[in-house]
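Everything on this sheet refers to the single structure shown next.
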Amino acid sequence: MTKYIVGNWKMNGSQALAGALVPRVASLAAQVGSKAEIVLCPPAPLLPEVGRRMQGSFLALGAQDVSPHKDGAYTGDVSAAMLKEAGCRYVIVGHSERRQYHAESDVLVKAKAEAALAGGLIPIVCIGETLAQREAGQAKEVVKTQLASLPGGQFLLAYEPVWAIGTGRTPTLSDIAEMHAHIGAMVKAGVLYGGSVKAANAADILQTPGVAGVLVGGASVNAEEFCGIIAASEG
Ligand code: PGA
C-alpha cells in the first residue's frame, strides 16, 4: 500500500529553503522510484514557489490550514479554492498547534475539513491526546470524541499525540499500533502517525501495523533528515 510522507514546515522556511530542499527531495524520489506519496506543506506564501519547484516530480503540494468559508470578508484567511488554484492537493486541518494557539474546536475543524472537501482538496485531519489526558488514561476516549465530529468523504487522519510533537519523545511502537487499531476500527481512512518522526525512527514507525504514513514537522525542513525518512519508506 502507498505510504504517505507528509512534511509540515509549520512557520519555517523561505524561498531559499524551497530552492535547496525541493529539488533534492524530488530527485531522491525519482531515483528510488518512490512508491510513497510525498507531500510538502510549506507556509501559504511559499506554496507557489514550492509548487513551481516540484513540477514534473512525484511530489505533491499541501497547505497547513484552510478557512471554513468559501470566500468573503475574512481577513487573513485563505480559502480552499485559493489553495487549489495554488496547486495544492492536500491540506492539514485541526493541527494541535491550531487547536491550542487559535482555539480551534472540533466543530471548526469539521467545518474546515468540509470546506476542503468541497474545494476538491484532501484534508489531513489531526487528532491526538495531551500528556495529561494520556496519563489520566483518556487517550482513546479523546480521539474518539475528536473522530465523532468528522465529515463524510475521502480524507486522511493523522494521529499526533500532542506530547510527542517537537519533543523528541515518541510513543512505543505497540502504543502506536494500539491507537491506530482503535482509530481504524472507528473510521475508514488512512491513519498517519505524527510526532518526533525522524530518519532514525521512520522505518520502524512506517512498518507498524495500521500506520499509513507519517506527518513530519521539524525533520521536514532538514533535507538530510527528510530524505532519510523517504529512504526509510522504501525498505
Ligand atoms: P514534529 O511535528 O515532527 O516536529 O514533532 C509533527 C507535527 O506537528 O506535525
- Note on the structure: Taking the alpha-carbon centre of each part, the distance from the range 167-235 to the range 34-112 in Å is 20 Å
- Query: Karplus couplings for the range 190-202 from phi (6.51 cos²θ - 1.76 cosθ + 1.60, θ = phi - 60°), rounded to Hz, Gly and Pro as x?
  - Reply: x, 10, 8, 9, x, x, 6, 7, 9, 4, 6, 10, 5
- Most mobile of Val25, Val211, Val187 in a GNM of the chain (Cα contacts under 10 Å): Val187
- Query: How high is the relative contact order of the chain, in percent, counting Cα pairs under 8 Å that sit 6 or more residues apart?
  - Reply: 21 percent
- Note on the structure: Phi-derived 3J(HN,Hα) across the range 163-172 with the Karplus relation (6.51, -1.76, 1.60, θ = phi - 60°), rounded Hz, x for Gly and Pro, is 6, 9, 7, x, 10, x, 9, 10, x, 5
- Residue order, fewest to most beta carbons within 10 Å, for Tyr159, Tyr101, Tyr4: Tyr101, Tyr4, Tyr159
- Message: For a quick check: with amide H placed at 1.01 Å from N, whose amide H comes under 5 Å from Ile92's, ignoring anything fewer than 5 positions away on the same chain?
- Response: Ala63, Gln64, Asp65, Ile124
- Task: Work out how much length Ala181 to Thr208 would gain on full extension: take 0.36 nm times their residue separation and subtract the Cα-Cα distance, in nm to one decimal.
- Result: 8.7 nm
- Per DSSP H run of at least 4 residues, take -39500 (n - 2.57); add these up for the chain, divide by its residues and hand me the 222 nm value, nearest 500 deg cm²/dmol. -12000 deg cm²/dmol
- Query: Between Ala113, Ala132, His102, whose Cα lies farthest towards the positive end of the dipole of the chain when Lys and Arg beta carbons carry +1 and Asp and Glu beta carbons carry -1, centred on the Cα centre?
  - Reply: Ala113
- Message: If you build the convex hull over the alpha carbons only and average its shadow over all orientations, what do you get for the chain? Give it in nm² to one decimal.
- Response: 11.7 nm²
- Note on the structure: For the chain, the dipole about the Cα centre with charges only on Cβ (Lys and Arg +1, Asp and Glu -1), to the nearest 20 debye, works out at 320 debye
- Task: Tell me which residues come under 5 Å, amide H to amide H, from Glu37 once H is placed; ignore anything under 5 positions away on its chain.
- Result: Lys3, Tyr4, Ile5
- Query: Hey, what did the range 152-212 get for relative contact order, percent, Cα under 8 Å, at least 6 apart?
  - Reply: 44 percent
- Item | Candidates Ala158, Ala103, Ala60, ranked by Gaussian network fluctuation over the chain, Cα under 10 Å, top entry | Ala103
- Item | Links that overshoot a 26 Å alpha carbon limit, given the list Lys35/Lys188; Lys70/Lys140; Lys35/Lys144 | Lys70/Lys140; Lys35/Lys144
- Rounded to the nearest 0.05, what FRET efficiency is calculated for Ala103 and Arg169 with R0 set to 22 Å and r the Cβ-Cβ distance? 0.30
- The set of residues whose placed amide H lies less than 5 Å from the amide H of Ala158, leaving out same-chain residues fewer than 5 positions away, is Val125, Cys126, Ile127, Leu192
- List, in order, the whole-Hz ³J(HN,Hα) value for each residue of the range 95-105 obtained from phi through the Karplus relation with A = 6.51, B = -1.76, C = 1.60 and θ = phi - 60°; use x for Gly and Pro. 4, 4, 5, 6, 4, 7, 8, 10, 6, 6, 8
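Each reported figure results from applying straightforward, stated rules to the coordinates on display, with no laboratory input. These numbers come from a predicted model, not from an experiment. Quick reminder, even Gly has a Cβ in these numbers, built from the backbone with ideal geometry, and neighbours come from all protein chains shown.
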